[in-house]
Number of protein chains: 2
Amino acid sequence: MELVTIRHEGGTRAGRIEGDAIVLLDAPTVKEVLTADGGLAAAATADGGATVAVVDADLAPVVPKPDKLVCVGVNYRDHIAEMGREVPGHPTYFAKYARALVGPNDDIVLPPAEVSTSIDWECELALVIGRSVRNVSGAAALAAIAGYCVLNDVSVRDWQRRTTQFLAGKTFEGLTPFGPSLVTADQVGDGSGLALSTTVNGVVKQESNTSHLVFNAVDIVSDLSRVMTLDPGDVIATGTPGGVGAARNPPEYLKPGDELVTTIEGLGRLVNRCR
Amino acid sequence: MELVTIRHEGGTRAGRIEGDAIVLLDAPTVKEVLTADGGLAAAATADGGATVAVVDADLAPVVPKPDKLVCVGVNYRDHIAEMGREVPGHPTYFAKYARALVGPNDDIVLPPAEVSTSIDWECELALVIGRSVRNVSGAAALAAIAGYCVLNDVSVRDWQRRTTQFLAGKTFEGLTPFGPSLVTADQVGDGSGLALSTTVNGVVKQESNTSHLVFNAVDIVSDLSRVMTLDPGDVIATGTPGGVGAARNPPEYLKPGDELVTTIEGLGRLVNRCR
C-alpha cells in the first residue's frame, strides 16, 4: 500500500494510491492515519468518498509535522571515508525540525548567498514509525516501522561545520524534500537491498544501495527506543552514501536552476527545482 | 505576568497567576495562549471563569509540546573551561524532543542502571518565543521573546559522548524539568543579570549569573532566525554554567532519592525528586 498527504481545499488530506487515482481518507495527513483506530489495516479499505487523479495531486511531505524528525549521520562506509570520519560504534543522531520539510515536487528555495552558498545533497532512506514503542529490538522493532519514504537531507555545510553540532546546518527552513509516498513495510521489509541515487541536472552524484548501511532500520529503531518512546508518524532518516558535493574536488553545491532528483528503488523519487 | 500550564480534569489548561490563585484561561497550554488572537495582551485580562489555588495546582511543563525545543551548548565561559572546550565563534545548537520534558515538580525517573548511571544536571535560562519571526536582530529579536522559564537540561553523559553529536544523551524521555511559569519579558527584559543555581540534596552544585552567557537571548534568537522561522511556543534553552557533575573529581551523578532544585532569580524554581 502507498499512502500520501496531498494539499487539498486549503488544507491537507491523506490518501491511498489506487492505480492512477488517490482515494481520499478521513485524515488530514498520514500521521493521523497511523494514530487512528485500526491504523494501516483500516486505511487499506477506507474510503473518504472522493478521489483525486495522481497526475493532478499536489503532494505535501508525507508527514508534514512529525513529533520527531531524527536523522542518522555517518552511516554508509563510503560516505564515512569521503568525509574523513571513523566508523562509529553507535548510531550518530541529530535532529531536524518540521520547518525544514518540503513536498516531493516542491521548489527548494536556497538561502541568500550572504547566508550560505554551500548547499549539498544527501539522499536517504527514511522510515516512518507506525506504533508507540519503547525498549524494543528485533522483530518488535521491525513491526514498529509502518513503511519507508525518500528524503534528501539537504545540508548547509558551512553552518553544519561552524560548531561541533550539526543541527544548524541540517534544519534550514524548506530545504528537505520528503516523500513521495509512504510505502508500507509489507512491500519493503526492513528496507535493505534498495538502490538509491541522487542526480543533479541529470548527472549521477550518488549511487549506492541501502544494504551498505552500517546501522540498518531495525538497529536504529532498537537503539533509539532505549532513549525515548517512538510514536506514530515519527520519521527517521537513515543516513547518506558517498558522493556528496562537499567531498568532491573541487566541492560542488546546489545553485539556482538546478534540478535535484532523489530516487530509491521501490519508493519512487523526489524531483525538486532549486531557486 | 506569570502564565502556567496545569494538569486539570484529565487534560491541561493554561492559567494566569494572580496572587495565591491561578485564573484558568480558554487554552489548553501556554502555547495556545501565545498563538491566539491578542496573545499575551489578551491573556492579561482574560478569565476562563474558574480558578485553582496555586498550592493545589499540578504543574505541567509550561509548553508541553513545543514545535521546536532548541538547546544551546558551551555557552558559559566557566563551563567551557571545565569541559575542556574552546569558546565558540557561533552558538552551538542541539535539540531535544518534547518527550524529554517533565513538569517543574514531577519526579525524574532515572534510566535503568544498565542503560546509564551518568545522569548529570545543567541549570539553564530558557526563553519562549511569542511571535513568528525570521531574519530578525536587535530590538525585533528581543520583541519576539514572550518570556522566560527555568529548565534543567539533565544529560545522560555516556550517551551524549558516544558519538560526535549530543542529541541521544540530551533527549532521554522524562529527564528535563521545565517551568514553573512563563514570566513575561516585561518583567525580565533580555534575561541578563539573573542569578541561577542547582542544588542536589541542598548542596550547591552550580551557582552563576546569566550575565556570563557568551551568547545572550537576543544573540541566539537573531542567529537562529537565519536558519528558520521561530514560532510561538518554541523553547530555547540558553546553556549551563560551570559545576556540572561530569566535571567534578571524582564525577558526581544523580541517583535515586536525590532532590534536584534548579533556581533562577525572578523565575522561581524546579524541585524534582529522582527515583
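The values are calculated or read from the model by the stated rules, or taken from the named source; none is laboratory data. Keep in mind that what you see is a predicted model, and the values were worked out from it rather than measured. When we count neighbours, we look across all protein chains shown, and the Cβ atoms used for this are built from the backbone with ideal geometry, even at glycine.
With respect to (1) more than 14 Å from chain A (Cβ to nearest Cβ); (2) out of contact with any strand residue (DSSP E or B) (no Cβ under 7 Å at 6 or more places or on another chain), the lone exception for B:Ile264 is condition (2). In region A:176-183, the count of residues that are within 14 Å of chain B (Cβ to nearest Cβ), within 13 Å of the chain's Cα centre (by Cα) and either buried (at least 20 other Cβ atoms within 10 Å of the Cβ) or not small (Gly, Ala, Ser) (or both) is one or more. Among the residues of region B:197-210, those that are surrounded by fewer than 24 Cβ atoms within 10 Å (Cβ to Cβ) and either among the aliphatic types (A, V, I, L, M) or in contact with a Lys or Arg (Cβ under 7 Å, 6 or more places away or on another chain) (or both) comprise B:Thr199, B:Val200, B:Val203, B:Val204.
Comparison of B:Leu69, B:Leu59, B:Leu25, B:Leu34 shows that the only residue that is over 26 Å from B:Gly174 (Cα atoms) and aliphatic (A, V, I, L, M) is B:Leu25. Say whether the condition of being under 19 Å from A:Val183 (Cα atoms), away from chain B (no Cβ under 14 Å) and either crowded, with 18+ Cβ neighbours inside 10 Å or in contact with a helix residue (DSSP H, G or I) (Cβ under 7 Å, 6 or more places away or on another chain) (or both) is met by at least one residue in region A:238-246. The answer is yes; a qualifying residue exists.
If you filter region A:55-78 down to residues that are surrounded by fewer than 20 Cβ atoms within 10 Å (Cβ to Cβ) and modelled with pLDDT under 95, you find that the one that is farthest from the other protein chains (Cβ to nearest Cβ) is A:Asp78.
Within region B:56-71, the set of residues being hydrophobic (A, V, I, L, M, F, W, C) and either in contact with a helix residue (DSSP H, G or I) (Cβ under 6 Å, 6 or more places away or on another chain) or on the phi > 0 side of the Ramachandran plot (or both) comprises B:Val62, B:Val63. Please verify whether A:Ser222 is in a helix (DSSP H, G or I), of a type in the set (S, T, N, Q) and in contact with a helix residue (DSSP H, G or I) (Cβ under 7 Å, 6 or more places away or on another chain), treating the condition exactly as stated. Spelling it out, A:Ser222 is indeed in a helix (DSSP H, G or I), of a type in the set (S, T, N, Q) and in contact with a helix residue (DSSP H, G or I) (Cβ under 7 Å, 6 or more places away or on another chain).
Filtered by the rule that a residue be more than 19 Å from A:Leu194 (Cβ to Cβ) and among the acidic types (Asp, Glu), region A:235-268 gives A:Glu252, A:Asp258, A:Glu259. Residues considered: B:Gly257, B:Gly266, B:Gly233, B:Gly243. Of these, the only one that is touching a Pro at 6+ places or on another chain (Cβ under 9 Å) and assigned to a loop (DSSP other than H, G, I, E, B) is B:Gly233.
Examine region B:15-27 for a residue that is surrounded by 14 or more Cβ atoms within 10 Å (Cβ to Cβ), within 14 Å of chain A (Cβ to nearest Cβ) and over 24 Å from B:Arg157 (Cα atoms), and state whether such a residue exists. No.
Output the residues belonging to region A:42-59 that are over 23 Å from the mean Cα position of the chain (by Cα) and among the charged types (D, E, K, R). The one that is over 23 Å from the mean Cα position of the chain (by Cα) and among the charged types (D, E, K, R): A:Asp47.
Total residues in region B:80-89 satisfying the condition of being within 8 Å of chain A (Cβ to nearest Cβ) and exposed (fewer than 13 other Cβ atoms within 10 Å of the Cβ): the figure is 1. Return the residue satisfying two criteria in turn: it lies in region B:211-237 and is within 12 Å of chain A (Cβ to nearest Cβ) and among the polar types (S, T, N, Q), and of such residues it is surrounded by the fewest Cβ atoms within 10 Å (Cβ to Cβ). Filtering first and then ranking leaves B:Thr229. Taken over region A:87-100, the criterion of being β-branched (Val, Ile, Thr) and assigned to a loop (DSSP other than H, G, I, E, B) is satisfied by A:Val87 alone. When residues of region B:46-71 are filtered for being farther than 24 Å from B:Asn272 by Cα and among the small types (Gly, Ala, Ser), how many remain? Within region B:46-71, residues that are farther than 24 Å from B:Asn272 by Cα and among the small types (Gly, Ala, Ser) number 4. Those helices (runs of 4 or more DSSP H) of region B:101-173 in which at least 3 residues are at pLDDT 95 or above and more than 14 Å from chain A (Cβ to nearest Cβ), considering only elements entirely within it, cover B:138-143.
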